[in-house]
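*Asks:* If you scroll down you'll find the structure; I have some questions about it.
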Amino acid sequence: MSFQDQINEYISILDCSAKELADASGLSASVLSRYRAGTRSPEKGTEQFERLIHGISALAKEKEHTELTEEIVRTALTRSLEGQVFPYEQFQKNLDTLLSALPVNIVDLARSLNFDSSYISRIRKGQRKPADPERFAAGVAKFIAAHITEPECVIVSKLIECEKKELDKENIFVERLTNWLVSGQAVRKDIVLPFLTKIDEFDLNDFIRSIHFDKLKVPTMPFRLPTSKNYYGIKEMCNATLDFFKATVLSKSTLPIIANDDTPLAEKASDSEFMKKFIFAVALSLKKGLYIKMIHNINRPFDEMMMGLEGWIPMYMTGQISPYYLKGIHNKVFGHFLFSSGAAALSGECIADYPQNGKMYLTNNKTELAYYRQRAEDLLSKASPLMDIYRIESKGRFFDFLRKDLETPGNRRSILSSLPVYTLSDALLVHILNHNDIEETYKDKIQRFVAEQRCLFKELLNRAYITDEIPVIDEAEFAKYPMYLSLSELFYEGNVVYTYEEYLEHMELTKAFSREHETYTLKQNSRYPFRNIQIHINEGNWVTISKSKAPAIHFVIHNPQLRTALENMILPVYGEEPEANAAE
């Protein structure tokens with residue numbers, strides 16, 4: 001927006017006359033008239049420039065347009081003078097992140113901004129651009145400031161990277177959040193890296209050996225649980241959780257466990273001895289063949305939520321756990337706990353911030369079991385999948401998902417630890433398979449899989465843009481950490497390794513593929529932080545994290561907050577990168 005248009009826009013927003021603005025700014029009517037006509041403009045930082053800013057913000061305060069602070073007005077006028085292009089793309093991403101992270105009622109937000117809710121949805125998807133983005137952002141910030149709760153304020157402070165106490169005053173909250181939305185400042189990138197690193201480094205076989213999972217014997221001696229028992233305080237509540245698993249594992253029931261816990265995490269997690277016993281108890285349940293449907297508490301600071309998810313990764317890898325979450329923020333005072341199996345039910349409660357005064361109730365009474373089971377199933381019916389987890393046992397469902405993914409509109413971006421198989425030539429593939437001594441049966445399956453991928457992605461490139469970020473590895477690093485052929489989507493349970501020469505040849509084929517397809521972009525990262533996972537992003541729909549090293553497993557992320565954080569993640573680069581597009 002030009003400087004003259006920006007001034008006229010402010011006069012329209014404030015519903016004031018040019019004379020009112022001139023008087024408020026201490027400028028002559030003729031000077032302001034020239035500003036409005038575009039025949040003159042002030043120098044940035046001059047007395048006239050500052051007077052104009054002060055006049056606009058003073059009138060805004062008088063007319064209760066509190067979103068138009070001096071800082072917001074200064075940013076807009078400076079940008080208009082410098083002819084800067086507004087960073088719409090980053091604004092759209094930041095807006096989508098904010099509205100995904102908070103339980104904002106979009107209809108109410110749209111009404112407060114005098115927009116249609118569908119228009120806001122299109123802005124979030126990058127399909128529309130607000131004519132006055134600063135004003136739009138300020139309106140969003142003002143609405144959220146008026147409806148913010150304490151837990152949500154913590155989320156905002158994490159997003160915009162400031163202390164929560166700095167947001168206590170509404171005017172400061174509005175100013176900080178508006179600046180974050182319009183400044184082009186990137187969303188926090190580091191917060192999901194520990195989660196991804198845990199998946200990348202985790203080895204299911206090593207974990208099984210470390211806890212002797214393959215040698216675990218499910219005991220059959222009955223656990224003599226009284227019909228009901230109460231537990232008080234942190235220590236007893238930890239014991240109650242373990243007693244629940246004892247009763248469940250030692251029973252004959254194979255009914256799935258439904259679990260929900262929104263009590264404070266830190267107190268229980270800080271007890272390392274309890275956590276070891278808890279993991280062992282869950283492992284015994286899985287060894288018995290029980291399925292667990294876990295409703296995670298995501299109504300807490302994002303980094304704490306990620307810490308909680310990290311702890312469950314080893315269990316996720318077994319394929320016997322389905323994670324869920326409840327949308328929105330449902331309470332801010334009470335903490336609840338409900339575990340239900342075919343043999344026992346454990347119900348607990350506490351006041352937030354006072355878990356030491358909480359209580360749990362464990363029962364195996366048939367009438368109470370039926371009551372708590374129905375309650376758990378009712379709660380589960382209200383939950384949404386946090387992510388879908390696919391192992392070889394569910395490969396049919398995963399192939400159905402892949403077909404759906406290819407049919408779903410949206411640009412794709414992948415962050416890969418190996419090179420894409422659809423850029424591989426038949427001759428090089430045969431060479432790789434031969435020196436890995438792959439059996440003829442599997443060799444044929446792999447060749448058909450690669451041919452199918454090549455056809456599918458060439459077809460996809462006709463209607464979508466695809467960007468692949470790939471690792472650039474020197475020979476010394478490759479000798480320490482060789483690259484594996486990406487076959488996780490085939491659920492091939494072996495590891496097919498490249499030689500360094502094969503890797504270089506495949507790299508050249510991928511660059512050539514990029515040159516041949518205008519809708520395919522190749523990015524190189526010389527310090528790629530992961531070695532064993534592939535991240536596939538269908539923008540605005542879902543993110544898939546695939547473990548490329550056997551045994552194959554795929555996490556399809558649905559939760560908007562986690563999905564958006566992954567979409568906006570920029571990987572750390574420890575050193576200089578090659579050019580962004582290797583094809584150029």
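*Asks:* Cβ-Cβ under 6 Å, sequence separation 6+ or interchain: first residue in region 112-140 and farther than 15 Å from GLU67 by Cβ, partner at pLDDT below 80 and in a helix (DSSP H, G or I). Which pairs?
*Replies:* So the pair list comes out as LYS129/TYR88.
*Asks:* Under 7 Å between Cβ atoms, at least 6 apart or on separate chains: pull out the pairs that start in region 387-407 with a residue that is at pLDDT 85 or above and exposed (fewer than 12 other Cβ atoms within 10 Å of the Cβ) and end on any residue that is not β-branched (Val, Ile, Thr) and not in a helix (DSSP H, G or I).
*Replies:* If the second residue must be not β-branched (Val, Ile, Thr) and not in a helix (DSSP H, G or I), the pairs left are GLU393/GLY319; ARG397/TYR390.
*Asks:* In addition: Quick one: which helices (runs of 4 or more DSSP H) sit completely within region 351-454 and have at least 1 residues that are on the phi < 0 side of the Ramachandran plot and of a type in the set (S, T, N, Q)?
*Replies:* 366-381, 426-435
*Asks:* Kindly indicate whether LEU102 is under 30 Å from GLU567 (Cβ atoms), at pLDDT below 80 and either buried (at least 17 other Cβ atoms within 10 Å of the Cβ) or more than 32 Å from the chain's Cα centre (by Cα) (or both).
*Replies:* Yes: the conditions hold for LEU102.
*Asks:* I've got another one for you. Can we say SER57 is free of Cβ contacts under 8 Å to residues at least 60 places away in the same chain and either among the hydrophobic types (A, V, I, L, M, F, W, C) or more than 24 Å from ARG563 (Cβ to Cβ) (or both)?
*Replies:* yes
*Asks:* Sort out for me the helices (runs of 4 or more DSSP H) sitting completely within region 77-175 that have 3 or more residues that are of a type in the set (A, V, I, L, M, F, W, C).
*Replies:* 88-101, 106-113, 133-147, 150-160
*Asks:* Exactly one condition in (1) in contact (Cβ under 8 Å) with a residue 40 or more places away in the chain; (2) farther than 30 Å from THR318 by Cα; (3) surrounded by fewer than 14 Cβ atoms within 10 Å (Cβ to Cβ) is not met by ALA464; state its number.
*Replies:* (3)
The values are calculated or read from the model by the stated rules, or taken from the named source; none is laboratory data. Fair warning: this is a prediction, and the values are worked out from it, not measured in the lab. Positions of Cβ are backbone-derived with ideal geometry, glycine not excepted, and every protein chain shown enters the neighbour counts.
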